[in-house]
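Q: The structure under discussion is supplied below as structure tokens; questions concerning it will follow.
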Amino acid sequence: MSTFANKVRIVEVGARDGLQNEKTVSTEDKVTLINALAAAGLKDIEAGAFVSPKWVPQMADSSEVISALDLPEINLSALTPNLKGAQAAHAVGIKEFAIFTAASEAFCQKNINCSIAQSIDRFSEVITFAKANNIRVRGYVSCVLGCPYEGDVDPQVVLNVAQKLLALGCYEVSLGDTIGVGTAGKVTELLTLLLKHIDKSKLAVHFHDTYGQALTNIYAALSLGISTVDAAVAGLGGCPYAKGASGNVATEDVVYLLQGLGIEHGIDLKRLAQAGWQITNALNKQPVSKVSVALHTQ
């Protein structure tokens, strides 16, 4: 039996997870995007990443972007994989850190050059610093429904990793289908296991749309009571492991789904779509969001 939440919280990841997989845009364009997202009603926005500019040049100006924002009512978060990144994020006023690992050993080695266990150990300094400065920490787990190197991923491994992140001090764990291979059946199987051990309030879903299944997968998660969904305006971002494939599920499409289900979300769809067109114009591309394109042609 479906148990939809009355309200769903959307964590907007377009300005970070989305833009880090696009060509570089100006600091001004990023600030305009985040302000437009906030004006559309989004309360949780990933604003940047404090990582090596050598590896992610698109995020090199995160300090400048966040310093230019004046959004005291908005929960701005940033990716902080190590203590240096956490300190830099704190210096510009970030009140929520994001840390990331994977449910695949091969992906962890390829992505951050260490084992899953080592990646979690590395976060202890970030967590200690966060607690000392009253900063929340959100955990991401990549490849929960499939890995480009290992193939299928054991749901038990996802459970183990999620439990370790929560035990470390994360208030929430976002489950990422990084290459977008998941199906509703696999989502149901995974969440049925996790929800036996973890309260639904501590889990979020983060689906990529490589095979066009993201909305179906979100519906499956919502029907099990999950009430936090990650999404990227205009479907920003790509999938580095599937050439030419789309990346993050589009926030506009998620909002339209929620509206159709009568679930509260607090977002102005027209203003959201306008924000998507602004940033995609800067990127010289069209939004991936079908809802956005449909609204634009009306």
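The values are calculated or read from the model by the stated rules, or taken from the named source; none is laboratory data. Bear in mind that the values here come from a model prediction, so they are computed numbers and not experimental data. Every residue, glycine as well, gets a Cβ built from its backbone with ideal geometry; the counts of neighbours run over all protein chains shown. For the accessible areas, the whole protein counts, side chains as well, though only heavy atoms, and no ligand, DNA or RNA atoms are used. Shrake-Rupley method; radii C 1.70, N 1.55, O 1.52, S 1.80 Å.
Q: Any chance you could count how many residues in the stretch 263-296 are in contact (Cβ under 8 Å) with a residue 40 or more places away in the chain, polar (S, T, N, Q) and over 15 Å from residue 253 (Cβ atoms)?
A: Residues that pass the stated criteria total 2.
Q: Let me ask another. For the stretch 123-145, what are the residues that are crowded, with 23+ Cβ neighbours inside 10 Å and out of contact with any Cys (no Cβ under 7 Å at 6 or more places or on another chain)?
A: Residues satisfying the conditions are 123, 126, 130, 140, 141, 142, 143, 144, 145.
Q: From the list 99, 34, 120, 45, which residue is open to solvent by less than 30 Å² (accessible area, probe 1.4 Å), assigned to a strand (DSSP E or B) and out of contact with any Gly (no Cβ under 8 Å at 6 or more places or on another chain)? Show your work before the answer.
A: On the way: 99 fails: out of contact with any Gly (no Cβ under 8 Å at 6 or more places or on another chain); 34 fails: assigned to a strand (DSSP E or B); 120 fails: assigned to a strand (DSSP E or B).
Checking each option against the conditions leaves just 45.
Q: Same structure, new question: Assuming residue 254 fulfils every condition listed in (1) open to solvent by 50 Å² or more (accessible area, probe 1.4 Å); (2) farther than 23 Å from residue 147 by Cβ apart from one, which condition is it?
A: With respect to (1) open to solvent by 50 Å² or more (accessible area, probe 1.4 Å); (2) farther than 23 Å from residue 147 by Cβ, residue 254 is out only on (1).
Q: Does the stretch 219-226 contain at least one residue that is under 17 Å from residue 250 (Cβ atoms) and open to solvent by 50 Å² or more (accessible area, probe 1.4 Å)? Walk me through how you get there before you give the answer.
A: Going through the stretch 219-226, the residues under 17 Å from residue 250 (Cβ atoms) turn out to be 219, 221-222.
Filter once more, so that each one left must be open to solvent by 50 Å² or more (accessible area, probe 1.4 Å): 219.
Yes, the stretch 219-226 contains at least one residue that is under 17 Å from residue 250 (Cβ atoms) and open to solvent by 50 Å² or more (accessible area, probe 1.4 Å).
Q: Which of (1) outside any helix (DSSP H, G or I); (2) open to solvent by 10 Å² or more (accessible area, probe 1.4 Å); (3) modelled with pLDDT of 95 or more; (4) not acidic (Asp, Glu) does residue 204 not meet, given it meets every other one?
A: Of everything listed in (1) outside any helix (DSSP H, G or I); (2) open to solvent by 10 Å² or more (accessible area, probe 1.4 Å); (3) modelled with pLDDT of 95 or more; (4) not acidic (Asp, Glu), residue 204 misses just condition (2).
Q: Hey, another quick one. From the list 210, 188, pick out the single residue that is closer than 29 Å to residue 269 by Cα, β-branched (Val, Ile, Thr), open to solvent by 10 Å² or more (accessible area, probe 1.4 Å) and in a loop (DSSP other than H, G, I, E, B).
A: On the way: 188 fails: in a loop (DSSP other than H, G, I, E, B).
Unique residue meeting the criteria: 210.
Q: Which of the residues belonging to the stretch 160-185 are in a helix (DSSP H, G or I) and of a type outside the set (Lys, Arg)?
A: Filtering the stretch 160-185 for residues in a helix (DSSP H, G or I) gives 160-168, 184-185.
Answer for the stretch 160-185, where residues must be in a helix (DSSP H, G or I) and of a type outside the set (Lys, Arg): 160, 161, 162, 163, 165, 166, 167, 168, 184, 185.
Q: Let me spell it out: the conditions are (1) out of contact with any helix residue (DSSP H, G or I) (no Cβ under 8 Å at 6 or more places or on another chain); (2) within 30 Å of residue 72 (Cα to Cα), and residue 151 meets all of them except one. Which number is the exception?
A: Exception for residue 151: condition (2).
Q: All but one of (1) among the β-branched types (Val, Ile, Thr); (2) assigned to a helix (DSSP H, G or I); (3) in contact with a Leu (Cβ under 8 Å, 6 or more places away or on another chain); (4) in contact (Cβ under 8 Å) with a residue 40 or more places away in the chain hold for residue 25; which doesn't?
A: Result: residue 25 passes all but (2).
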